[in-house]
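Chemist: Got a structure for you, questions after.
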Amino acid sequence: MSKKSSGGLVYSTEFGRACPDCRQPQDQCTCKQPERPLGDGIVRVSRDSKGRGGKVVTLVTGVPLADAELKDLAKALKQRCGVGGALKDGVIEIQGDQRELLVAELSKRGFTVKKAGG
């Protein structure tokens with residue numbers, strides 16, 4: 001079984017999905033991770049309901065953190081609000097209209113925060 005494949009390792013039972021180029025776990029891959037453009041340093045908190053069947057979510061954008069730290073922040077914010085949510089493409093989504101609570105919490109954590117939208 002010494003078949004040589006051109007694709008490389010894709011999945012390992014040890015750590016899950018792997019990058020086929022560098023063979024590191026996908027969350028630790030350094031060869032293809034897209035860099036998020038640096039914003040103006042202001043975290044924006046807005047409310048949105050488009051494409052969600054009328055349900056409202058609060059969006060937190062522009063947080064200048066790496067992916068792992070952003071994931072931890074999203075988890076802490078969801079726990080602080082007592083609701084669910086998600087982290088999608090660098091944007092934290094929190095269920096419900098939680099703008100006031102999130103602005104206060106992010107300001108307490110040292111971020112420059114603005115309410116965006118209506």
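The values are calculated or read from the model by the stated rules, or taken from the named source; none is laboratory data. Note that this is a predicted model, so its numbers are computed, not measured. For neighbour counting, all protein chains shown are included, and Cβ atoms are generated from backbone atoms with ideal geometry for every residue, glycine included.
Chemist: Among the strands (runs of 3 or more DSSP E) lying completely within segment 45-108, list those that include at least 3 residues that are within 11 Å of the chain's Cα centre (by Cα) and without any contact (Cβ under 8 Å) to a residue 24 or more places away in the chain. Talk me through it step by step, then tell me what you get.
Modeler: On the way: elements: 57-61, 85-88, 91-95.
Here the list reads 85-88.
Chemist: Tally the residues that are of a type outside the set (D, E, K, R) and modelled with pLDDT under 70, restricting the search to segment 27-65. First the steps, then the outcome.
Modeler: To start, the set of residues in segment 27-65 that are of a type outside the set (D, E, K, R) comprises 28-31, 33-34, 37-39, 41-43, 45-46, 49, 51, 53-54, 56-65.
Pick out the ones that are also modelled with pLDDT under 70 and you get 33-34, 37-39.
The qualifying residues number 5.
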